Every structure is written in C-alpha cells, then in structure tokens.
1. Are there any pairs with C-beta distances below 7 angstrom linking a residue in the range 49-74 that is over 16 Å from PHE98 (Cβ atoms) and touching a residue at least 60 places away in the same chain (Cβ under 8 Å) to a residue that is surrounded by 15 or more Cβ atoms within 10 Å (Cβ to Cβ) and of a type in the set (Lys, Arg), with the two at least 6 apart or on different chains, and if so which?
2. Working only within the range 67-80, note down all residues that are surrounded by 13 or more Cβ atoms within 10 Å (Cβ to Cβ) and either part of a helix (DSSP H, G or I) or of a type in the set (Val, Ile, Thr) (or both).
3. Just to be sure, is VAL152 crowded, with 18+ Cβ neighbours inside 10 Å and not in a helix (DSSP H, G or I)?
4. Any idea which of (1) crowded, with 16+ Cβ neighbours inside 10 Å; (2) assigned to a helix (DSSP H, G or I); (3) touching a helix residue (DSSP H, G or I) at 6+ places or on another chain (Cβ under 7 Å); (4) of a type outside the set (D, E, K, R) is the one HIS197 doesn't satisfy?
5. Kindly indicate the residue of the range 35-51 that is among the β-branched types (Val, Ile, Thr), surrounded by fewer than 20 Cβ atoms within 10 Å (Cβ to Cβ) and out of contact with any strand residue (DSSP E or B) (no Cβ under 6 Å at 6 or more places or on another chain) and also nearest to ALA109 (Cα to Cα) among those meeting that condition.
6. Being out of contact with any helix residue (DSSP H, G or I) (no Cβ under 6 Å at 6 or more places or on another chain), surrounded by fewer than 16 Cβ atoms within 10 Å (Cβ to Cβ), charged (D, E, K, R) and under 26 Å from PHE139 (Cβ atoms) narrows it down to one of ARG231, ARG217, so name that one.
7. Can you pull out every residue in the range 107-127 that is among the hydrophobic types (A, V, I, L, M, F, W, C) and either outside any helix (DSSP H, G or I) or exposed (fewer than 13 other Cβ atoms within 10 Å of the Cβ) (or both)?
Amino acid sequence: MMNRLLTIGYGAASYLVFLAAFLYAIGFVGNTAVPRSIDRGVAAPIGEAIVVNALLLGLFAVQHSVMARPAFKRWWTRFVPKAIERSTFVLVTSLVLFLLYWQWRTMPALVWDVTSTAGRLALYVLFWLGWAIALSATFMINHFDLFGLRQVYLAWRGKPYTHIGFRSPLLYRLVRHPIMLGFIIAFWATPRMTAGHLLFAIATTGYILIAVQLEERDLVAAMGNQYRDYRGRVPMLLPWPHKRRATH
C-alpha cells in the first residue's frame with residue numbers, strides 16, 4: 001500500500017511541476033508575468049549568449065528525444081518502475097525547461113517591431129491561440145496518460161496498464177501533430193521579435209520538425225499500416241489538402 005501511495009504521490013508531484021513549467025513557458029515566450037523571460041534573461045555578451053542559449057536548447061532536444069524513444073524506455077524501466085516511467089520523463093523535461101528559463105541569455109537586437117494596433121492585436125491573438133491549440137490537443141487524445149497520471153492511478157488501484165487505442169479526434173483529423181503546431185504558432189506570433197526570440201523560435205521549430213519524424217517512425221513500428229493509412233490521409237502540421245500516399 002505504501003508503494004502505491006508513493007507512486008501516485010510521485011506522479012501527482014511530477015504533474016504539478018510540469019504544470020508550473022507549462023504556465024511559465026507562456027510567460028517566458030510572451031514576456032509577461034514572470035521574472036525572467038525570453039527578452040528579460042541574464043545579460044551577457046552576444047557570443048556568450050549564443051553559445052549558452054544553443055546549449056540550453058540542445059540539452060532540451062537531446063533529453064526530450066532520447067527519453068521518448070522506445071529503446072531507452074525498455075532500458076530505463078529495468079531500473080525505474082514502469083508505472084512512473086512517464087512521470088519521470090515529464091519531471092525531467094520540466095526541470096530542464098526550468099534550467100533554460102533560469103539561465104537564458106538575453107539577445108535584445110530587434111528583428112521586427114509591429115507598431116500598428118491591428119497588427120499587434122492579431123499577433124497576440126495568434127499567440128494565445130497557439131497555446132490553446134497545444135493544450136487542448138492533449139485532452140483530445142488523453143491528457144492524463146500523456147503526462148503520466150493515468151499510469152500512476154492504475155498502479156494505485158492495483159490494475160495493469162493498458163495502452164490507449166489509436167484515435168484521431170477533432171484537430172487530429174486536420175493535422176497529425178496539433179500540439180506541435182500550437183507550439184510553433186505560439187513561438188513565432190509576437191509583435192516584437194528580438195534576436196533571442198528568433199533564435200528560440202528557429203531552434204524549437206527545427207527541433208519539432210526532427211522530433212515528429214522520429215515519433216512517426218516509432219508509431220509506424222508500433223501500429224504498422226494503421227498509422228501509415230492515417231499518415232497518408234492527414235497532413236503533418238499544416239491543415240491544407242493532402243494528397244493521399246500509398247500505405248505500403
């Protein structure tokens with residue numbers, strides 16, 4: 001019983017840390033309501049700023065990609081109980097993000113500055129729309145499974161974990177990766193683009209384009225023609241008419 005309580009407590013704590021990291025990300029990218037943000041970070045010479053920021057973004061990319069791979073999960077769960085594997089991934093990802101928020105170097109050179117009221121309003125609407133898409137898309141599949149709560153809840157109840165079947169509801173009928181689409185929109189939609197923000201947007205977009213390829217390779221390996229058919233019918237990130245591809 002004690003192990004079950006520790007498991008669900010660990011999962012809940014990891015989720016709360018993720019929630020704090022997600023909410024801070026909105027303020028970090030939007031330069032609002034947080035002490036350190038993308039344009040209010042640590043002051044540093046431009047060379048140091050580029051190197052440090054690139055290392056922080058690279059650390060996130062490596063951690064997130066490696067820990068998400070099935071081969072790593074098979075190795076990792078030899079030491080970590082399967083019930084908390086996802087929660088541990090969520091926790092480590094959140095801690096890496098907090099490190100990025102804390103150590104981000106400001107690069108204040110101005111790339112663009114939209115001054116018209118209509119233009120600024122449109123970009124702010126897009127910014128919030130991006131975050132809304134990213135968050136709502138997690139609930140369209142299974143938010144609680146995605147962030148480890150379902151796994152620890154089942155362990156607490158003494159029930160075995162069961163994989164959620166493949167579904168493509170709502171936004172997933174328009175694009176295969178609506179969560180990532182939401183992030184891309186949020187990262188680029190700003191009326192005031194600085195060099196630091198531009199570096200962040202380019203690096204994260206590039207990482208997303210690589211990460212979805214790795215994820216889809218794993219999904220094809222796990223689901224075969226079921227996912228190949230879905231990939232043939234639905235575009236990856238941009239919701240435009242998609243020419244059907246062969247599934248074999």
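1. Every condition considered, the pairs that remain are ALA49/ARG105.
2. MET67, ALA68, PHE72, LYS73, TRP76, THR77, VAL80
3. Taking the combined requirement at face value, the residue does not satisfy it.
4. For HIS197, the exception is condition (3).
5. That would be ILE46.
6. Only one candidate passes the filter, namely ARG217.
7. Scanning the range 107-127 gives MET107, ALA109, LEU110, VAL111, TRP112, VAL114, ALA118, LEU121, VAL125.
Here's the yes/no breakdown for (1) assigned to a helix (DSSP H, G or I); (2) modelled with pLDDT under 90:
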{"site": "LEU129", "(1), (2)": "yes, no"}
{"site": "ARG167", "(1), (2)": "no, yes"}
{"site": "ARG176", "(1), (2)": "no, no"}
{"site": "MET180", "(1), (2)": "yes, no"}
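The values are calculated or read from the model by the stated rules, or taken from the named source; none is laboratory data. Worth saying up front: this structure is predicted, and the values here are computed from it rather than measured. Virtual Cβ from ideal backbone geometry, glycine too; neighbours counted across all protein chains shown.
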